[in-house]
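*Asks:* Handing you a structure now.
The values are calculated or read from the model by the stated rules, or taken from the named source; none is laboratory data. Because the structure is a prediction, the values reported are computed rather than measured. Here Cβ is always computed from backbone atoms with ideal geometry, including for glycine, and neighbour counts include all displayed protein chains. To get the accessible areas, we keep the full protein, side chains included, count just its heavy atoms, and leave off ligands, DNA and RNA. Shrake-Rupley method; radii C 1.70, N 1.55, O 1.52, S 1.80 Å.
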Amino acid sequence: MNKKRIVWGSILLGLPCVLLPVLLMGYVAWVLNLAAAQQRLESLASVASSRANNTFQEAAGVLKSVAASSLAPCTPESIDEMRLLTINTFAVKSIGYVEEEVYACGSWGAVGHRVTPWKEDFVTADGVRVSLGVQARIVPAKPMMALQYAAFNVLVDPEQFLQVLVEDDVHLMIGTAAGQLVGVSRPGAERFMSRVHLGPASALEDGYLYTLVHSGDWVAIAAVSRHELLLGLVRREMLLLPIGGLIAGMLALVIVRRTRKRLSPLAELELAVRNREFIVHYQPIIDLSDGACVGAEALVRWRHPDGSLVRPDLFIPLAEQSGLILPITDQVIDHVMQDLGPLLVKERSLHVAINLAAADISSGRFLPRLKSAMSKADVWPSQIWLEATERGFVQIESARQTVNQARELGHLAAIDDFGTGFSSLQHLQKLPLDVLKIDKSFVDTIGRDPEASSVTAHIIDMAKSLRLKLVAEGIETEAQLDYLRSRGVDFGQGWLFAKPMPAGEFVGFVGERCGRAAELHGQVGELVGCD
Ligand code: C2E
Ligand code: CA
Ligand code: CA
């Protein structure tokens, strides 16, 4: 259940983390591409508009200078002057003098034919009258722009207005401030001339990105089609999308690692500690002399949210390694008091043995917690036995301190799995212990392996000489029970009597055993403290 949630959470987090960088880079590529295109169009349009304005100013300057000339019009000197000015001025194709609708003379010489006046498109602030698309007899090849001032005129090739280097993908247009088209570098986007009233502007419209720049009486528009824009975008995306992909990949990796970590046994155990998923089962401890139940060993189980139980040997090693055993011991203490507090108060002869790990023993931090839990439940310290294996007593000095403190408080201290380690005897010598638990492996040898079972006999004798109480673990057969009883072992636990069970069942078991013990001895409650 938890695992599913973690996996789904990671997928839900992962999808945007993977998609966002790619989408973001796509968007950044679009924005950069648009900005770059806008900048390119703007600089092109401003160069073109100032070029147009300069061309016009040059032509207008020529026009004004002939008009202001001191030479009488159409004299050979005046015609020479006009010719020279035409040759020397790049934009001007011809200069003419018109008097009463007669083209009297010009830079071509004396002419004298009649002309119909040109339609004026606009007049500049300094009085130059401008006519676009003029079909002149003098330069008939293509429409010209005519500038008139007083009786003089000049003809300008509109192409001169567009003398700017333009890339193939750009549409460049020059027009008047009123939006009349003067010339285009490449047809297709002329309609944007009608936008001149909007002033300097840039917009993406009608499948084009266009930029409009004014200069004097002229306006230049540079535009690129959406198709060209997309080509630029693809180029930029080829640079930026791999970066987006890389970021997405890195985020995905972080999420996968994080998920793996969260799904790791340690993370699961941490979550279980946080969610208090630990419960305790109780295995009865039997007085071998009369079969009465004298207590129980508290054995922790991890109950998963789906209800399944995990055995302690599957998680205790990891809990010990990671230090999570400390809060687990706390939870065991809490459960023991909650589960069996009332029974222990009622049956003062009953005890519960709690298993401790090396970290508990060396730190001793469980003692205050146990003390306060016991006093809340009104359980006596003598009713709580504390047991640890040799591994638990590894730090012998701090272990001795904790054992001493515990015994001073009234607890009994037991060495568990005795005989399975290397230094069991050393621990017996150095620690003030009360109980020795004979490991199941020795009990198993009884009746099967005479040599090994002689070790069992020695352990029993030694414990007796040290005045330790003896508990035999893992009794499964009547033969084992008979042997242990005949050797005077005090207590035993094992499947022969009962497997570990939930608290409720254990309370029932105690009741039953009290009845049986009472029946055996005919003295109700005397031996096992049953009411
Ligand atoms: P242990 O302290 O030696 O506990 C006795 C183990 O032997 C228990 O296994 C018990 O179920 C099992 N057992 C008892 N009688 C028999 C029998 O007749 N036959 C067989 N085959 N097995 C029997 P369990 O409950 O799986 O616990 C395993 C170990 O986990 C314990 O060994 C103890 O070292 C550790 N443990 C259990 N609870 C705790 C705890 O609350 N704290 C700590 N630190 N360790 C715990
Ligand atoms: Ca134990
Ligand atoms: Ca044991």
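*Asks:* Going through the stretch 505-520 one residue at a time, which ones are modelled with pLDDT under 85 and open to solvent by 70 Å² or more (accessible area, probe 1.4 Å)?
*Replies:* Within the stretch 505-520, E512, R516, E519, L520 qualify.
*Asks:* Residues of the stretch 313-333 being open to solvent by less than 30 Å² (accessible area, probe 1.4 Å) and more than 32 Å from the chain's Cα centre (by Cα), which ones?
*Replies:* Those that are open to solvent by less than 30 Å² (accessible area, probe 1.4 Å) and more than 32 Å from the chain's Cα centre (by Cα): T329, D330, Q331, V332, I333.
*Asks:* Output yes when any residue across the stretch 375-393 is modelled with pLDDT under 95 and away from ligand 2 (no atom under 15 Å from the Cβ), and no when none is.
*Replies:* no
*Asks:* Suppose we filter L484, L433 for residues that are of a type outside the set (D, E), within 16 Å of ligand 3 (Cβ to nearest atom), assigned by TED's automatic domain parsing to the domain that holds Y282 and more than 20 Å from D290 (Cβ to Cβ); which single one remains?
*Replies:* Being of a type outside the set (D, E), within 16 Å of ligand 3 (Cβ to nearest atom), assigned by TED's automatic domain parsing to the domain that holds Y282 and more than 20 Å from D290 (Cβ to Cβ) holds for just one of L484, L433, which is L433.
*Asks:* I would also like to ask the following. Conditions first: (1) farther than 17 Å from L147 by Cα; (2) of a type in the set (A, V, I, L, M, F, W, C); (3) in contact with a Phe, Trp or Tyr (Cβ under 8 Å, 6 or more places away or on another chain). V66 passes all but one, so which condition is the exception?
*Replies:* (1)
*Asks:* When the residues of the stretch 384-402 are filtered to those that are closer than 14 Å to L370 by Cα and more than 11 Å from ligand 1 (Cβ to nearest atom), which remaining residue is nearest to the chain's Cα centre (by Cα)?
*Replies:* Among them, the one singled out is T402.
*Asks:* Given the conditions (1) surrounded by 13 or more Cβ atoms within 10 Å (Cβ to Cβ); (2) in contact (Cβ under 8 Å) with a residue 60 or more places away in the chain, which single one is not true for L239?
*Replies:* (1)
*Asks:* Would you mind stating whether V507 is within 28 Å of M374 (Cα to Cα) and within 52 Å of the chain's Cα centre (by Cα)?
*Replies:* Yes, satisfied.
*Asks:* Here are the criteria: (1) under 16 Å from the mean Cα position of the chain (by Cα); (2) open to solvent by 50 Å² or more (accessible area, probe 1.4 Å). Tell me which single one I6 does not satisfy.
*Replies:* For I6, the failing item is (2).
*Asks:* Next up: Kindly evaluate S107 against the criterion of being in contact (Cβ under 8 Å) with a residue 12 or more places away in the chain, touching a His at 6+ places or on another chain (Cβ under 8 Å) and within 26 Å of W218 (Cβ to Cβ).
*Replies:* Against the criterion (in contact (Cβ under 8 Å) with a residue 12 or more places away in the chain, touching a His at 6+ places or on another chain (Cβ under 8 Å) and within 26 Å of W218 (Cβ to Cβ)), S107 does not qualify.
*Asks:* Name the helices (runs of 4 or more DSSP H) wholly within the stretch 399-504 that hold at least 3 residues that are surrounded by 13 or more Cβ atoms within 10 Å (Cβ to Cβ) and touching a residue at least 60 places away in the same chain (Cβ under 8 Å)?
*Replies:* In the stretch 399-504, the matching helices (runs of 4 or more DSSP H) lie at 478-486.
*Asks:* Further, regarding this structure: So, restricting to strands (runs of 3 or more DSSP E) that lie completely within the stretch 64-133, which ones have at least 1 residues that are touching a Ser or Thr at 6+ places or on another chain (Cβ under 8 Å) and open to solvent by less than 40 Å² (accessible area, probe 1.4 Å)?
*Replies:* Result: 92-99, 102-106.
*Asks:* Filter the stretch 323-338 for residues that are of a type in the set (A, V, I, L, M, F, W, C) and within 12 Å of L370 (Cα to Cα) and give the result.
*Replies:* The answer is V332, I333, V336, M337.
*Asks:* In the stretch 319-378, how many are in a loop (DSSP other than H, G, I, E, B) and closer than 24 Å to E473 by Cα?
*Replies:* Residues meeting the conditions: 6.
*Asks:* Residues of the stretch 285-299 being crowded, with 23+ Cβ neighbours inside 10 Å and within 16 Å of ligand 3 (Cβ to nearest atom), which ones?
*Replies:* Selection gives I285, I286, G295, A296, E297, A298.
*Asks:* Return the residue satisfying two criteria in turn: it lies in the stretch 244-270 and is of a type outside the set (A, V, I, L, M), surrounded by 14 or more Cβ atoms within 10 Å (Cβ to Cβ) and closer than 24 Å to H304 by Cα, and of such residues it is modelled with the lowest pLDDT.
*Replies:* R262
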